[in-house]
């Protein structure tokens with residue numbers, strides 16, 4: 001018979017009344033420490049979001065200042081995105097040669113350059 005990974009009884013005390021007294025703690029874990037506060041920006045930083053624009057579908061990922069380690073040239077203003085500056089990593093989602101080719105041609109944009117880019121159509 002397979003073993004259950006659920007604890008047989010609460011870590012401190014007996015019965016369901018003891019569970020209510022663990023406010024702010026992780027129930028069922030040994031060494032009940034405080035739960036760290038959730039950093040929402042850190043959680044969202046690695047997740048790419050899809051943006052639609054007149055020039056196609058784009059995948060946009062936020063690069064935090066902590067994770068920016070290299071120098072890149074921004075295609076919007078042709079100046080350097082230096083290490084330690086938060087910026088965006090952008091690639092075409094509907095690339096002619098597929099998603100892998102779009103990801104290979106990703107570019108690093110200043111956030112303001114990406115938001116204020118112009119669409120030139122004739």
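Readers should treat all values here as calculations from the given coordinates under stated rules, not as data from a laboratory. In this text the structure is predicted, and so the values were computed from the model without any measurement. A quick note on method: Cβ atoms are made from the backbone with ideal geometry, for glycine too, and the neighbour counts reach across all protein chains shown.
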Bin width 5 Å, alpha-carbon pairs only: give the P(r) of the stretch 40-115 as whole percents, running from 0 to the bin holding the largest distance.
3, 17, 24, 27, 18, 10, 1
Taking a point 7 angstrom from the Cα of residue 96 along the C-beta vector, which residues in the stretch 55-75 have backbone N less than 20 Å away?
55-59
Taking neighbour counts of Cβ atoms within 10 Å as a proxy for exposure, in what order, fewest first, do 88, 96, 115, 103 appear?
96, 115, 103, 88
